[in-house]
Amino acid sequence: RSMKHIRNFSIIAHIDHGKSTLADRIIHLCGGLSDREMESQVLDSMDLERERGITIKAQTAALEYKARDGQVYQLNLIDTPGHVDFTYEVSRSLAACEGALLVVDASQGVEAQTVANCYTAIEQGVEVVAVLNKIDLPSAEPERVIAEIEDIIGIDAQDAVRASAKSGLGVEDILDAVISRIPPPKGNIDAPLKALIIDSWFDNYVGVVMLVRVVDGVLKPKDKILLMASQTTHLCEQVGVFTPKTKARAQLSAGDVGFIIAGIKELNSAKVGDTVTLANNPAAEPLPGFKEIQPQVFAGLYPVESHDYDALRDALEKLKLNDASLQYEPETSQALGFGFRCGFLGLLHLDIVQERLEREYDMDLITTAPTVIYQILMKDGEVIEIENPSRLPDLSKIEEIREPIINATILVPQDYVGAVITLCTEKRGMQRNMQYMGRQVMLSYEMPMNEVVMDFFDKLKSVSRGYASLDYEFKEFRASDLVKLDILVNSEKVDALSLIVHRNTSQRRGRELAAKMRELIPRQMYDVAVQAAIGANILARENVKALRKNVLAKCYGGDISRKRKLLEKQKAGKKRMKQVGNVEIPQEAFLAILKID
Ligand code: GDP
Ligand code: MG
């Protein structure tokens, strides 16, 4: 089929506006799957994605659609994640497309990721087709939302398609708009092969699978391919498309989106953003590729039982095969023993990794409080970066501590502006802009990333009754008056509990943290003193009183099986506890900082 009949497009949206539902609807309409196979949300394939209702990895479907003009088109749909942690996946998906459907919930209106994702699409030169979804809801206000799209994003939305992904209403209109408004791919089928790796993952049966967008040329099985960045050659074993089921094809050619299997064992040699060409007839230049993504949030992951260390390393290694953005390296903590310092894109990413380790790999973990990267200017002029507060060098050697600052964009209905501004100020935000746009207000703030990582998102949702939305990007490192807050348990510093905070809030945070610790640390056989300190200066002291009775005393003389049961019960309850010195500290205590105001 000629390129004239191909359309490559993505769906972009703020989370929950109906992107996955629409993708499924489109696949169903094009007969990609039968009714029986049409389990809910087919493109969200990971269990966790389905349960949480979010898309983490982009998925694709090559579909055939007979348009109202009677011609058959090949529609390549590339689904994208909507959460702020995964915006880089959106730009990758868009690099494979000529167009994007901008899905906006007609009852909610424009939200922060609607704007961010739409700008990403415009920057990449992709044609944007606005879709007003959930038109079936009585609360839908299409006219107002059209005005919002025009006011806030600044694109023409007069011919936005009205649809309901849920009922199927208007979905054919969407596909007609895809065909008439999104241009077919351009590319030269006779030029040397150039295919962009959009995604790659490890499959236990066939090794590395590369999802590519072919820009120029043709690729067939038995061709010898060259990966231009990694400079490795491989024999192409199979090419094909996802419908979303895997379907082998005789070839992939310019304009196509499909997969390549070439017996590659190392995910590292099939890097996302690399260009695939032919070894015997290579392209002169690789395609531009993508910016490397950097983790923003770090936390220590430690096995509860130290003999699980190797298992944890194996599990991380396996996870990394399908999640290139996950970083980890061995780390030792005086309190927690051997574990790993891991880098994540954001808190949701951390949460997902932790949950997968626990569920898919059956690990019992202690996770330390998340932190950002700090840049330290030493007195001798050297600049170092630390991603673990307990590694902060001696203060006498430090000239300044710099923290990462983000640009945050918040969209919020007028009624909640006051509360959001108060919150941003509390979090050391500096307002850069405030714009009234119809019913909504767009706020721009510069904020320390560290404050946002803590619990900003939850707070933002709660002060705005769920209406405010947030998007952010890293801006720069900036010097700030920061101090290290230590927690001492029975006079011993617990390195895994140290954190870096602003001096102005350090007193309050120290007191609250110590109080929270007292609540969270269970009573032991003896008194436990919890202190919060900055250097030698003790800010707060709390006492966890000793247990009065030995639990086992109750069983004295009782039958042995009951005693055993009680011991087992205690053991199970202990699962997520770590022995630090002679005190048992539960997982929650390590995350206590996330739970104070
Ligand atoms: P995503 O996060 O953008 O992928 O959103 P989903 O496709 O997971 O949809 C979020 C929620 O909105 C789900 O509960 C859907 O059932 C619901 N939803 C999606 N489209 C429609 C629609 O057209 N009408 C109504 N009433 N609900 C919808
Ligand atoms: Mg989704």
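The values are calculated or read from the model by the stated rules, or taken from the named source; none is laboratory data. Everything numeric in this text was worked out from a predicted model, so none of it was measured. Cβ coordinates were reconstructed from backbone atoms using ideal geometry, including for glycine residues, and neighbour counts include every protein chain displayed. We work out accessible area using only protein heavy atoms, side chains counted, and drop any ligands, DNA or RNA first. Shrake-Rupley method; radii C 1.70, N 1.55, O 1.52, S 1.80 Å.
Whats the longest run of the chain with zero chymotrypsin sites (Phe, Trp or Tyr not before Pro) that are DSSP loop and have at most 15 other Cβ atoms within 10 Å?
In short, 206-525.
For Asp394, what accessible surface area do you get with a 1.4 Å probe? Give it in Å², rounded to 10.
90 Å²
Can you tell me the dipole magnitude for region 117-239 around its Cα centre, using point charges on the Cβ only (Lys, Arg +1; Asp, Glu -1), in Debye to the nearest 20?
Numbers: 11 positive and 19 negative charges, 138 e Å.
Dipole of region 117-239, to the nearest 20 debye: 660 debye.
By how many degrees, 0 to 90 and rounded to 10, does the Cα axis of helix 112-123 deviate from the longest principal axis of the chain?
50 degrees
Mind giving me the FRET efficiency for Ser491 and Gln294? R0 is 30 Å, r the Cβ-Cβ distance, nearest 0.05 is fine.
The formula returns an efficiency of 0.20 here.
According to the square roots a ≥ b ≥ c of the eigenvalues of the Cα gyration tensor, what is the shape class of the chain, taking rounded for a/c under 1.5, prolate for a/b larger than b/c otherwise, and oblate for the remainder? Intermediate values should be presented prior to the final figure.
On the way: a/c = 1.87, a/b = 1.59, b/c = 1.18.
Since a/c reaches 1.5 and a/b is larger than b/c, the shape of the chain is classed as prolate.
Per residue, how large is the accessible surface of region 351-461? Use a 1.4 angstrom probe and give square angstrom. If you can, show how the numbers build up before the last one.
Details: 4650 Å² over 111 residues.
Heavy-atom SASA per residue in region 351-461 reads 42 Å².
Note the angle between two axes, namely the Cα long axis of helix 417-426 and the longest principal axis of the Cα atoms of the chain, as a number of degrees from 0 to 90, rounded to the nearest 10.
50 degrees
Per residue, how big is the convex hull of region 258-303 when only Cα atoms are used? Give it in Å³. If you can, show how the numbers build up before the last one.
On the way: hull volume 6.8 nm³, N = 46.
Per residue, the Cα convex hull of region 258-303 comes to 148 Å³.
With a/c under 1.5 counting as rounded, go ahead and sort region 277-426 into rounded, prolate or oblate using the C-alpha gyration tensor (a ≥ b ≥ c being the square roots of the eigenvalues; past the cut-off, prolate if a/b is larger than b/c, else oblate).
Details: a/c = 1.30, a/b = 1.09, b/c = 1.19.
Here region 277-426 falls in the rounded category.
Please list, ordered by chain and number, the residues whose modelled amide H lies under 5 Å from the amide H of Asn76; skip anything fewer than 5 residues away on the same chain.
Arg7, Asn8, Phe9, Leu63
For a quick check: with amide H placed at 1.01 Å from N, whose amide H comes under 5 Å from Gln238's, ignoring anything fewer than 5 positions away on the same chain?
Ile261
Would you mind working out the accessible area per residue for region 89-242, using a 1.4 Å probe, and quoting it in Å²? Mind dumping the intermediate values first?
Working: 5890 Å² over 154 residues.
That works out to 38 Å² for each residue.
May I ask you to give the percent of accessible area on the chain that is carbon plus sulfur, with a probe radius of 1.4 Å?
Details: 12790 of 26710 Å².
The nonpolar share, carbon plus sulfur, comes to 48 percent.
Taking the Cα centre of region 297-347 as origin, sum charge times position over the Cβ atoms of Lys and Arg (+1) and Asp and Glu (-1), and report the length of that vector in debye to the nearest 20. Each step should come with its number before you reach the end.
Details: 4 positive and 8 negative charges, 33 e Å.
So the dipole magnitude of region 297-347 works out to roughly 160 debye.
Apply the Karplus curve 6.51 cos²θ - 1.76 cosθ + 1.60, θ = phi - 60°, to the phi angles in region 195-203 and return the couplings in whole Hz, x for Gly and Pro.
Karplus values, whole Hz, x for Gly and Pro: 10, 8, 7, 8, 7, 8, 8, 9, 10.
Do any of Lys271/Lys475; Lys194/Lys320; Lys19/Lys222; Lys475/Lys578 go past 29 Å between their Cα atoms, and which?
Values: Lys271/Lys475 26 Å; Lys194/Lys320 27 Å; Lys19/Lys222 37 Å; Lys475/Lys578 37 Å.
Where the Cα-Cα span goes over 29 Å, the pairs concerned are Lys19/Lys222; Lys475/Lys578.
Expressed in nm to one decimal, what extension gain is obtained for the pair Asp310 and Glu476 from 0.36 nm per residue of sequence separation less their Cα-Cα distance? Show your work: numbers first, answer last.
Details: separation 166, 0.36 × 166 = 59.76 nm, distance 3.69 nm.
Once the chain is fully extended between Asp310 and Glu476, it gains 56.1 nm.
Tell me, in nm to one decimal, what length is gained between Met430 and Glu64 on full extension, where the rule is 0.36 nm per residue of separation less the Cα-Cα distance?
Details: separation 366, 0.36 × 366 = 131.76 nm, distance 5.06 nm.
126.7 nm is the gain from fully extending Met430 to Glu64.
Give the relative contact order (percent, whole number) for the chain; include only Cα pairs under 8 Å separated by 6+ residues.
On the way: 1305 pairs, mean separation 56.9, N = 597.
For the chain, the relative contact order is 10 percent.
Give the distance, in whole Å, between the Cα centre of region 451-520 and the Cα centre of region 343-387.
The two parts, judged by their Cα centres, are 15 Å apart.
In whole Hz, with x marking every Gly and Pro, tabulate ³J(HN,Hα) for region 95-109 from phi via Karplus 6.51 cos²θ - 1.76 cosθ + 1.60, θ = phi - 60°.
5, 8, 10, 9, x, 9, 8, 8, 8, 10, 5, 5, 9, 9, x
Less than 15 Å from a label point 7 Å out along the Cα-to-Cβ axis of Ala546: which backbone N atoms in region 519-533 qualify, by residue?
The answer is 523-529, whose backbone nitrogens lie closer than 15 Å to the label point.
Tabulate in residue order the Karplus-calculated ³J(HN,Hα) for region 64-70, using 6.51 cos²θ - 1.76 cosθ + 1.60 with θ = phi - 60°, rounded to whole Hz; enter x for Gly and Pro.
Whole-Hz 3J(HN,Hα) from phi for region 64-70: 9, 9, 8, 6, 5, 7, x.
Rounded to the nearest 10 Å², what accessible area does Met3 have for a 1.4 Å probe in the complete protein model?
Surface accessible to solvent at Met3 totals approximately 40 Å².
Have a look at Asn543, Ser462, Ala311 and report the one farthest towards the positive end of the charge dipole of the chain, computed about the Cα centre with Cβ charges (Lys/Arg +1, Asp/Glu -1).
After comparing all options, I get Asn543.
Taking only DSSP H segments of four or more residues, each worth -39500 (n - 2.57), what value at 222 nm results for the chain once the sum is divided by all its residues, to the nearest 500 deg cm²/dmol?
On the way: 13 runs with 137 residues, N = 597.
After summing the helix terms and dividing by the residues of the chain, the value is -7000 deg cm²/dmol.
How far is helix 503-520 tilted off the main Cα axis of the chain, in degrees rounded to 10, range 0 to 90?
The angle comes out at about 80 degrees.
Let me spell out the model: positive unit charges on the Cβ of Lys and Arg, negative unit charges on the Cβ of Asp and Glu, origin at the Cα centre of the chain. What dipole size does that give, in debye rounded to 20?
Numbers: 73 positive and 85 negative charges, 386 e Å.
Roughly 1860 debye, rounded to the nearest 20.
With a 1.4 Å probe and all protein chains in place, put Met210, Met434 in order of accessible area, largest first. List each step's numbers first, then the result.
Numbers: Met210 0, Met434 65 Å².
Most to least solvent-accessible, the answer reads Met434, Met210.
Taking region 143-265, how much of its Cα-Cα pair set, in percent, is spaced more than 25 angstrom apart? Write down the numbers at each step before the final one.
Numbers: 3299 of 7503 pairs.
Summing the P(r) tail past 25 Å for region 143-265 gives 44 percent.
Just the number please: accessible area per residue for region 283-329, 1.4 Å probe, all protein chains included, in Å². Let's see the in-between values first.
Details: 2580 Å² over 47 residues.
Heavy-atom SASA per residue in region 283-329 reads 55 Å².
Rounded to a whole number of µm²/s, how large is the Stokes-Einstein D of region 410-456 at 10 °C and 1.306 mPa s, given Rh as the Kirkwood radius over C-alpha pairs? Display every interim value, and only then the final one.
Values: Rh = 10.9 Å.
So the translational diffusion coefficient is about 146 µm²/s.
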